[in-house]
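The values are calculated or read from the model by the stated rules, or taken from the named source; none is laboratory data. Quick caveat: nothing in here was measured; it's all calculated off a predicted structure. Every residue, glycine among them, receives a Cβ derived from its backbone with ideal geometry; neighbour counts consider all protein chains shown.
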Amino acid sequence: MEHIKNDRSLSEVHGQVDPSAAGGKWKKIFAFFGPAYLVSVGYMDPGNWATDIAGGSQFGYSLVWVLLMSNMMALLLQSLSARLGIVQGRDLAQCSREMYPAGINFILYILAEIAIAACDLAEVLGMAIGLQLLFGIPLLWGVLISLLDTILLLYLQKLGMRKLEAFIITLVAIIGSCFLVEMIIARPHLGDVVKGFKPSLPGDGALFIAIGIIGATVMPHNLYLHSALVQTRKIGRDAPSIKQALRLNTVDSAIALNLAFFVNAAILILAGAVFYTSGHHEIASLQDAHMLLAPLLGSQVAPILFAVALIAAGQSSTVTGTLAGQIIMEGYLRLRINPALRRLLTRLLAIVPAVIVLLLTGETMVDQLLIFSQVLLSMQLAFAVIPLIHFVSDRKKMGDFTICTPTKIAAWLIAAVIVALNLKLFFESVFQWLAATDNIFVMGLILLAVLLVCVLLVVTTIYPFIRRNKEANINVHTNIHQAAAAIDTTVAFRRIALALDFGSNDANVIRYAMQFGNPDASFVLIHVVESASARMMGNEAHDYETREDRRHLDEYVQMFTARGCKATGVLGYKDRAQEIARIVKEQDCDLLIIGSHGHNTAKDIIYGETINTVRHLVKIPLFIAQ
């Protein structure tokens, strides 16, 4: 395990591609192209295939318009993700960590990791099914073989970003080529296909299939991924350079996602041309689709191409899923573990449940396992989309590149649609789980999970609206100087400890400290670093948050020194209350001043009851600055 030496997203490839160094106008333009192709594979992964096949086999070409609408929604959200990364130079996970409280962020991180595992589960199963269809390998062995792609990913990362992008683009080309040949063999009626772009919902089950298609389209990990991948391009920080990067990345996204739309549309159209027209309306599994392609099309090539495309889709998606996992861990926790270990852990989280299900039930539950992975993804989607819209709407952070009002309205409408549809899928699955068990304890756990998801969704949506500007340190420092200038100090304590949190309440803490002290008093400024690295490594931590906290503490010390006061800054690590008490004792302080956050019971659960714990650990007077 390593502590991050800088705060750059995917730091090993950050700014690795320099478009300005490319010779010629077109080479400079094409140097921007690549990130969206890595993102696009998430829109054509094996998890999407089942809904496309089901839609085509049941309703022919009638739901092509749903795919187009889903693609337009995805294009807007991915462009917002790219905008965030280009303008702020931060990925979605980093911005979330800076916006939300520590407790909420930890839950968001866990949900994001679950989404990565669920996504990887779909890729593992898709690749295993592809291997079975192509070579007759049992699914269990196919799942275990998927462990080997860990070596492939590590090798690709060593080759550099452009090589990795070229590999993914090659796989995307293989998928697209396979389905292009399939379409030529199937020969769908183009007039009927065109009619499918007219919005309609034929039949009672069309709405359910449409919801499945939309719900499976936007993958949460893609939003984290895109905001980081655009930072692999080295661009100037002036307005014209940023505008150019935004424009070219929008073009990149449009091309890549339209290719993904072609693949999904091809799957649905293929299912319509082959299964719907022949009366096979209940085809939904990948194995059934593969088995019927040869006899219905009269070609042995079609099922082979289907299996090859499935393997390519699984392999390409799992590579980008691993990158997304790295981004999420580094962004939320500022922790980096060995890439091989990270890849192995991600893959094991997917393989273990797959192996258990295959050993217990055989291959009959594979489709249900794929559906379960999509439910997990849908549950997490809202917690990526909503923060993203908040961040790109923040004028203080985005400046002139804040999204305009029409875009903002469109984004929130899309978020509402996606969240509503995915919540519908989530609650339907919950009701099925409740109906399948008579165990009161299990039912209680399920209901508790539903309640927590709903509460977290409300908090994620509302908190940024009511949250004070977290970057208000400049104003805080101004208030400190103003308060200090108006204070008439008096003789009281000789060595005063101040517990600081670098928030707006520090002004009150310092004001009271100077009132209690005198010109000969010494001040001990205490701040406890609460990053994941600091909690694990103590004073050996050297991550971004530790360095920033040291810098802020030094600024406070300099302010005291400028007023002729004796001041020392001491950083604490790990447990907040224990560290404050320890430093107070070691520094031989005779008064401790600590700020009150005014938390209610709910906030105490999130932030912890520091004051109540500290007062039992120290033997000196404790003053609470309100």
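Out of all the residues in region 218-231, is one or more more than 18 Å from residue 88 (Cβ to Cβ), crowded, with 22+ Cβ neighbours inside 10 Å and touching a Cys at 6+ places or on another chain (Cβ under 8 Å)? Within region 218-231, one or more residues are more than 18 Å from residue 88 (Cβ to Cβ), crowded, with 22+ Cβ neighbours inside 10 Å and touching a Cys at 6+ places or on another chain (Cβ under 8 Å).
Look at residue 298 and say whether it is modelled with pLDDT of 85 or more and either under 20 Å from residue 60 (Cα atoms) or surrounded by fewer than 19 Cβ atoms within 10 Å (Cβ to Cβ) (or both). Here the answer is no, as residue 298 does not meet what is asked. Taking each residue of region 157-182 that is over 16 Å from residue 314 (Cα atoms) and looking for partners that are buried (at least 21 other Cβ atoms within 10 Å of the Cβ) and aromatic (Phe, Trp, Tyr) with beta-carbon atoms closer than 6 Å, six or more apart or interchain, yields nothing. Considering (1) buried (at least 24 other Cβ atoms within 10 Å of the Cβ); (2) not aliphatic (A, V, I, L, M); (3) not in a helix (DSSP H, G or I), the lone condition that residue 90 does not fulfil carries the number (1). Of all residues in region 187-225, those satisfying the criterion of being closer than 16 Å to residue 118 by Cβ and small (Gly, Ala, Ser) are 212, 215, 216. Between 331, 279, the distinction of being assigned by TED's automatic domain parsing to the domain that holds residue 194, outside any loop (DSSP other than H, G, I, E, B) and at pLDDT 75 or above belongs to 331 only.
When you scan region 157-166, do you find a residue that is surrounded by fewer than 19 Cβ atoms within 10 Å (Cβ to Cβ), modelled with pLDDT under 80 and not basic (Lys, Arg), even just one? Yes, there is a match, as at least one residue in region 157-166 is surrounded by fewer than 19 Cβ atoms within 10 Å (Cβ to Cβ), modelled with pLDDT under 80 and not basic (Lys, Arg). Taking residues in region 543-568 that are over 13 Å from residue 523 (Cα atoms), and partners anywhere that are surrounded by 15 or more Cβ atoms within 10 Å (Cβ to Cβ) and modelled with pLDDT of 90 or more, the pairs with Cβ atoms closer than 6 Å and at least 6 places apart or on different chains are 549/527.
Can you tell me which residue is farthest from residue 49 (Cα to Cα) among those in region 194-216 that are touching a helix residue (DSSP H, G or I) at 6+ places or on another chain (Cβ under 6 Å) and β-branched (Val, Ile, Thr)? It comes out as 211.
Let's see how each residue does on (1) modelled with pLDDT of 80 or more; (2) within 19 Å of residue 42 (Cα to Cα); (3) crowded, with 19+ Cβ neighbours inside 10 Å; (4) within 20 Å of the chain's Cα centre (by Cα):
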site: 303; (1), (2), (3), (4): yes, no, yes, no
site: 306; (1), (2), (3), (4): yes, yes, yes, no
site: 322; (1), (2), (3), (4): no, yes, yes, yes
site: 327; (1), (2), (3), (4): yes, yes, yes, yes
site: 347; (1), (2), (3), (4): no, yes, yes, yes
site: 358; (1), (2), (3), (4): no, no, yes, no
site: 362; (1), (2), (3), (4): no, no, no, no
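Within region 378-394, residues that are farther than 25 Å from residue 122 by Cα sit with their Cβ atoms under 6 Å from residues that are basic (Lys, Arg) and crowded, with 24+ Cβ neighbours inside 10 Å, at 6+ positions apart or across chains, in these pairs: 392/83.
Considered as a group, the residues in region 544-567 that are within 39 Å of the chain's Cα centre (by Cα) and of a type in the set (Ser, Thr, Tyr) include one that is surrounded by the fewest Cβ atoms within 10 Å (Cβ to Cβ), and that residue is 544. Set side by side, the residues 247, 237 differ, and just one is outside any helix (DSSP H, G or I) and assigned by TED's automatic domain parsing to the domain that holds residue 384, which is 237. When residue 595 is tested against (1) more than 27 Å from residue 335 (Cβ to Cβ); (2) under 29 Å from the mean Cα position of the chain (by Cα), only condition (2) is not met. When residues in region 407-460 are screened for being closer than 25 Å to residue 83 by Cβ, in contact (Cβ under 8 Å) with a residue 12 or more places away in the chain and hydrophobic (A, V, I, L, M, F, W, C), 11 of them pass. Residues that are modelled with pLDDT of 90 or more and hydroxyl-bearing (Ser, Thr, Tyr) within region 405-429 comprise 405, 407, listed in sequence order. Summed over region 183-227, the residues that are free of Cβ contacts under 8 Å to residues at least 60 places away in the same chain and assigned to a helix (DSSP H, G or I) give a count of 6.
Of all residues in region 297-304, none are touching a Phe, Trp or Tyr at 6+ places or on another chain (Cβ under 8 Å) and at negative phi.
Only one entry of 129, 137, 116, 110 meets the criterion of being outside any helix (DSSP H, G or I) and closer than 30 Å to residue 49 by Cβ, and that entry is 137.
Inspect region 11-33 for any residue being buried (at least 24 other Cβ atoms within 10 Å of the Cβ) and either at pLDDT 90 or above or small (Gly, Ala, Ser) (or both) and give the result as yes or no. No, that holds for no residue. Picking from residues in region 418-451 that are assigned to a helix (DSSP H, G or I) and β-branched (Val, Ile, Thr), the one that is farthest from residue 376 (Cα to Cα) is 440. Residue pairs whose Cβ atoms lie under 9 Å apart, sitting 6 or more positions apart in sequence or on different chains, and linking a residue in region 527-539 that is under 24 Å from residue 593 (Cα atoms) to a partner that is modelled with pLDDT under 75 and among the small types (Gly, Ala, Ser), are 528/534; 529/541; 531/541; 534/541; 535/541.
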